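J.: Attaching a single structure in structure tokens format; questions to follow.
Just so you know, all these numbers are worked out from the coordinates, no wet-lab data involved. Since the model is a prediction, treat every value here as computed from it, not as a measurement. Cβ coordinates were reconstructed from backbone atoms using ideal geometry, including for glycine residues, and neighbour counts include every protein chain displayed.
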Amino acid sequence: MIICKTIQEIRDSVDKLTSTGGQIGFVPTMGALHKGHISLIEQSKKTCKVTVCSIFVNPNQFNDKGDLARYPRTPEADIKMLEDAGCDIVFMPSVEEIYPKDDTRVFDFGVIDKVLDGAHRPGHFNGVAQVVSRLFDIVKPNKAFFGLKDYQQVLVIKKMVEQLHFNIEIVACDILREPDGLAMSSRNTLLSAEERKAASLIPKLMQEAKMLSKSVPLADVKNKLLAEVSTNPLLKADYIEFCNADTLQTITDINAQKTICLAAIFSGKIRLIDNLFIN
């Protein structure tokens, strides 16, 4: 596996490995890798000649500097996991390499980036669009692989690709879960034993939302789920919403539209997200 730190190194390495043709698959990450990330590498390897993974903790997408400081960083373990998974190239740039000058671009994605996490983390998705578009310009992949745990992020990136006219296929991959159902996340490693146990309620809420929504009004389901969260002193709901899966508009009645339940819940100081399609 080739490890690159600079833009010139990554471009030279990609050119060398694709000199006889073949597609480039790309998995952008912020490191602290887990099986969910590795599943994206595996998906890329199935259809692409060369698989590139980037590890870069993007400061522009953190509106809370404390959250940025807390974000787990495990570069040595990450490299070992990527080697074992058969990744071809890992790109580990510095902040100065990605942002030689301040990125002042402001994107407009309509409603999609202004609700849910967009409302609760102002500027977050603009920072995501800045870094992902920059990485796309550098790596020039044919396909990019993202996990559906960050469902809103996937919609934002698809919209960005459309607006910037990137010829890149965005491949959305299923959520991988722990044995108790908790969505795999780099942030899970920051939870204490008690917080981790409390967090196991989150996937249960998603399943309950799916079951109850078949016969109970969505407003009542939402109130019931929020009430369950409030009974645990370690948990605090940022939001639980039922949305149109294509537009992220909040809905009160499922009817025939594709519906998703999305949640952001703190366990202690650690903010976790999850989602589940309802129909």
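J.: Determine the distance separating the Cα centre of the range 214-279 from the Cα centre of the range 1-61; give it in Å without decimals.
T.: If you average the Cα positions of each part, the centres end up 33 Å apart.
J.: Moving to a separate point now. Across the range 14-19, in residue order, what do the Karplus-derived ³J(HN,Hα) couplings come to in whole Hz, using 6.51 cos²θ - 1.76 cosθ + 1.60 with θ = phi - 60° and x for Gly and Pro?
T.: 5, 4, 5, 6, 10, 4
J.: In whole Å, largest first, what are the principal axis extents of the Cα atoms in the range 1-89?
T.: 46, 28, 20
J.: Which value in Å is the Kirkwood Rh of the range 1-155 over different Cα pairs?
T.: One over the average 1/r among Cα pairs gives 16.2 Å for the range 1-155.
J.: Please list, ordered by chain and number, the residues whose modelled amide H lies under 5 Å from the amide H of residue 51; skip anything fewer than 5 residues away on the same chain.
T.: 25, 88, 89
J.: Return 26, 136, 277 ranked ascending by Cβ neighbour count within 10 Å, so the fewest neighbours appear first.
T.: The fewest-first ordering by Cβ neighbours comes to 277, 136, 26.
J.: Also: In what sequence do 33, 68 fall when counting other Cβ within 10 Å, fewest first?
T.: 68, 33
J.: Cα-based Rg (one decimal) and Dmax (whole number) for the range 118-257, in Å?
T.: 17.4, 49
J.: Right, another one. So for the range 186-273, what percent of the C-alpha to C-alpha distances run longer than 23 Å?
T.: It works out to 25 percent of all Cα pairs.
J.: A further question on this structure: What's the ranking of 150-162, 224-236 by average number of surrounding C-beta atoms within 10 Å, highest first?
T.: 150-162, 224-236
J.: Another one. Could you run the Karplus curve 6.51 cos²θ - 1.76 cosθ + 1.60 with θ = phi - 60° over the range 235-243 and give me ³J(HN,Hα) per residue in whole Hz, x for Gly and Pro?
T.: My calculation for the range 235-243 gives 9, 8, 7, 7, 6, 9, 9, 9, 9 Hz in order.
J.: For the range 78-86, in order, what is each residue's ³J(HN,Hα) by Karplus, 6.51 cos²θ - 1.76 cosθ + 1.60 with θ = phi - 60°, in whole Hz (x at glycine and Pro)?
T.: 4, 4, 4, 4, 5, 4, 5, 7, x
J.: If packing is taken as the mean number of other Cβ atoms within 10 Å per residue, what is the order of 89-100, 49-60, 165-176, highest first?
T.: So the peptides 89-100, 49-60, 165-176, ranked by packing, come out 49-60, 89-100, 165-176.
J.: State the volume of the convex hull built on the alpha-carbon positions of the range 48-110, expressed per residue in Å³ and rounded to an integer.
T.: Convex hull volume per residue, Cα atoms: 145 Å³.
J.: On to the next question. Give, to the nearest whole percent, the P(r) tail of the chain beyond 26 angstrom, counting all Cα pairs.
T.: I get 44 percent for the Cα pairs in the chain exceeding 26 Å.
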